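Peer 1: Sharing a structure, written as structure tokens. Questions coming.
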Amino acid sequence: QVQLVESGGGLVQAGGSLRLSCVASGRIFRINVMGWYRQAPGKQRELVATITSGGSTNYADSVKGRFTISRDNAKNSRYLQMNSLKPEDTAVYYCKANLAEREWRTPYDVWGQGTQVTVSS
């Protein structure tokens, strides 16, 4: 069974930086899209950034210019470099992957357990 494990969350002051990591393990043939979502208390989960297997990226307007998503396909890993953090970035950050375990298998979504990011003012 495929698992996603996130790391790198924590407490940081406004203006600071954090780097999140997400590693996918298990039987993986292909990762189509992998990225980060976040959910603040009382709010819906929202997209932060995604990156395709070909390297195309997509960012939420609120993080453009501050966050950078990158990948290491050999390690089935994705990273989120977060700079110039703001208190409104405080949330639980979740990694999500759309992947296929075999060439003939239908791709499906897998979520990580989440990592807390807290930005103090």
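Peer 1: Only Cα pairs within less than 10 Å get springs; with that Gaussian network setup on the chain, which residue of A49, A24, A40 has the largest fluctuation?
Peer 2: Answer for the Gaussian network model of the chain: A40.
Peer 1: Mind listing P(r) for the chain? All alpha-carbon pairs, 5 Å bins, whole percents.
Peer 2: P(r) for the chain, in whole percents per bin: 2, 12, 23, 24, 18, 10, 6, 2, 1, 0.
Peer 1: Quick one: order E101, E46 from most to least accessible surface, probe 1.4 Å.
Peer 2: Working: E101 35, E46 80 Å².
Ranked list, largest accessible area first: E46, E101.
Peer 1: For V2 and Q44, what is the calculated FRET efficiency with R₀ set at 35 Å and r taken between the beta-carbons, to the nearest 0.05?
Peer 2: That pair, V2 with Q44, gives E of 0.90.
Peer 1: Let me ask something else about it. Can you compute 3J(HN,Hα) from phi for each residue in the stretch 86-96, using the Karplus curve 6.51 cos²θ - 1.76 cosθ + 1.60 with θ = phi - 60°, rounded to whole Hz and x for Gly and Pro?
Peer 2: 10, x, 6, 7, 4, 4, 8, 9, 10, 8, 9
Peer 1: Roughly how many Å² is the accessible area per residue of the stretch 10-51, as a whole number, for a 1.4 Å probe?
Peer 2: Spelled out: the 1.4 Å probe surface of the stretch 10-51, per residue, equals 53 Å².
Peer 1: Just flag the trypsin sites (Lys or Arg not before Pro) in the stretch 39-114 sitting in loop per DSSP whose Cβ has no more than 14 other Cβ atoms within 10 Å.
Peer 2: K43, K64, R102, R105
Peer 1: Next question. Can you tell me the length gained on complete extension of the stretch S25 to K86, counting 0.36 nm per residue apart and subtracting the Cα distance? Mind showing how you got there, number by number?
Peer 2: Values: separation 61, 0.36 × 61 = 21.96 nm, distance 3.15 nm.
Stretched fully, the S25-K86 segment lengthens by 18.8 nm.
Peer 1: In whole angstrom, note down how far apart the Cα centers of the stretch 105-121 and the stretch 70-97 are.
Peer 2: Comparing the Cα centres of the stretch 105-121 and the stretch 70-97, I get a distance of 9 Å.
Peer 1: List the longest stretch of the chain that has no exposed loop site; here a site is one of the chymotrypsin sites (Phe, Trp or Tyr not before Pro) assigned by DSSP to anything other than H, G, I, E or B, with at most 12 other Cβ within 10 Å.
Peer 2: On the way: sites that count: F29, W104.
The longest uninterrupted stretch comes out as 30-103.
Peer 1: Under 28 Å between alpha carbons, and skipping anything fewer than 8 positions from K43 in its own chain: which lysines qualify?
Peer 2: K64, K86, K96
Peer 1: E101's amide H: which non-local residues (gap 5+, or another chain) put their own amide H closer than 5 Å, with H modeled 1.01 Å from N in plane and none for Pro or chain starts?
Peer 2: Amide H neighbours of E101: F29.
Peer 1: Moving to a separate point now. Ignoring ligands, DNA and RNA, what percent of the 1.4 Å accessible area of the chain is carbon and sulfur? Can you show the working numbers first?
Peer 2: Working: 2900 of 6450 Å².
C and S atoms contribute 45 percent here.
Peer 1: Of the beta bridges DSSP finds with both residues in the chain, what % are antiparallel, to the nearest 5? Numbers along the way, then the final one.
Peer 2: Values: 42 of 46 bridges.
If we restrict to bridges inside the chain, about 90 percent are antiparallel.
The values are calculated or read from the model by the stated rules, or taken from the named source; none is laboratory data. Here the structure is a predicted model, which means the values were calculated and not measured. As a convention, Cβ positions derive from the backbone with ideal geometry for all residues, glycine included, and neighbour counts pool all protein chains shown. Areas reflect the complete protein model, heavy atoms only, side chains present, ligands, DNA and RNA absent. Shrake-Rupley method; radii C 1.70, N 1.55, O 1.52, S 1.80 Å.
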